[in-house]
1. Report the residue, chosen from Ser118, Ser103, Ser144, that carries the largest GNM mean-square fluctuation when the chain is represented by alpha-carbon nodes joined by springs under 10 Å.
2. If you put +1 on each Lys and Arg Cβ and -1 on each Asp and Glu Cβ, how big is the dipole of the chain around its Cα centre, in Debye rounded to 20?
3. What ³J(HN,Hα) values, in whole Hz, does the Karplus curve 6.51 cos²θ - 1.76 cosθ + 1.60 give for segment 137-146 when θ = phi - 60°, with x put for Gly and Pro?
4. I'm spelling it out carefully: the read-out is volume of the Cα convex hull per residue in Å³, the candidates are [x] 112; [y] 133; [z] 169, and one was derived from this structure. Which label?
5. For the chain, give the percent of accessible area contributed by carbon and sulfur heavy atoms, probe 1.4 Å, rounded to a whole number.
6. Among His29, Ala2, Ala123, which residue has its Cα positioned farthest towards the positive end of the charge dipole of the chain, with +1 placed on the Cβ of Lys and Arg, -1 on the Cβ of Asp and Glu, and the dipole taken about the Cα centre?
7. Taking only protein heavy atoms into account and a 1.4 Å probe, give the accessible area per residue of the chain in Å².
8. With θ taken as phi - 60° and the coefficients 6.51, -1.76 and 1.60, list the Karplus ³J(HN,Hα) couplings across segment 18-26 in order, rounded to whole Hz; mark glycine and proline as x.
Amino acid sequence: RAGMVIGLARVAQSITDRTGIHAQVSLRHIMGSVPPALVTTPAGFFEDGVYDDPYASKGLFAQVGLKRVFAGGSEIEALGWWADKDYVSDVALDGDGLDLPGSPLRTDRVWLASAAWSQPLLADRLGAVELSLEVRYRYTHHTSNDAFYNYTSHAAGVGFTIGY
């Protein structure tokens, strides 16, 4: 049996008519026992929330962000995120996949920074449908006592979104 308690505090404030900031902190506490499972992801792939079982780690998380919406509908957003996670059953591994001496549990520290820009396209021709071009960049610095989770990654993306 396992249990989880999460606490979250968030504040947000407008700076100007179309610009806002926010700050958020959350704490995740795990109780009980969790059967260990190991799911690996490619190096540089940010696993939290995708393959990372939230019952496997307790942690402290912090986030700050800034968003500006321009008169024509374009938006720019910057985000910073930090996590301090201690795993409750995953043993830290060396580069060969073997337990570290003394079999310590895995501990991770993650820094993430991202920026995104969104530009509406053909707004006067599409009616209720919204088409936007998006450009994004994300920097991740992940440190861990588990060799597999020590990495820095840069990710850039360009895409389109359709809203209705």
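1. The residue with the greatest mean-square fluctuation here is Ser103.
2. Charge dipole, the chain, about its Cα centre: 540 debye, nearest 20.
3. Rounded to whole hertz, the list is 9, 9, 10, 10, 10, 10, 10, 7, 7, 8.
4. [y]
5. 61 percent
6. Ala123
7. With the other protein chains kept in place, the chain gives 62 Å² per residue.
8. Along segment 18-26, the couplings run 10, 10, x, 10, 8, 9, 8, 9, 9 Hz.
The values are calculated or read from the model by the stated rules, or taken from the named source; none is laboratory data. Since the model is a prediction, treat every value here as computed from it, not as a measurement. Neighbour counts are summed over all protein chains in view; Cβ atoms, including those assigned to glycine, are modelled from backbone coordinates with ideal geometry. Just the protein is used for accessible areas: all its heavy atoms, side chains included, with ligands, DNA and RNA removed. Shrake-Rupley method; radii C 1.70, N 1.55, O 1.52, S 1.80 Å.
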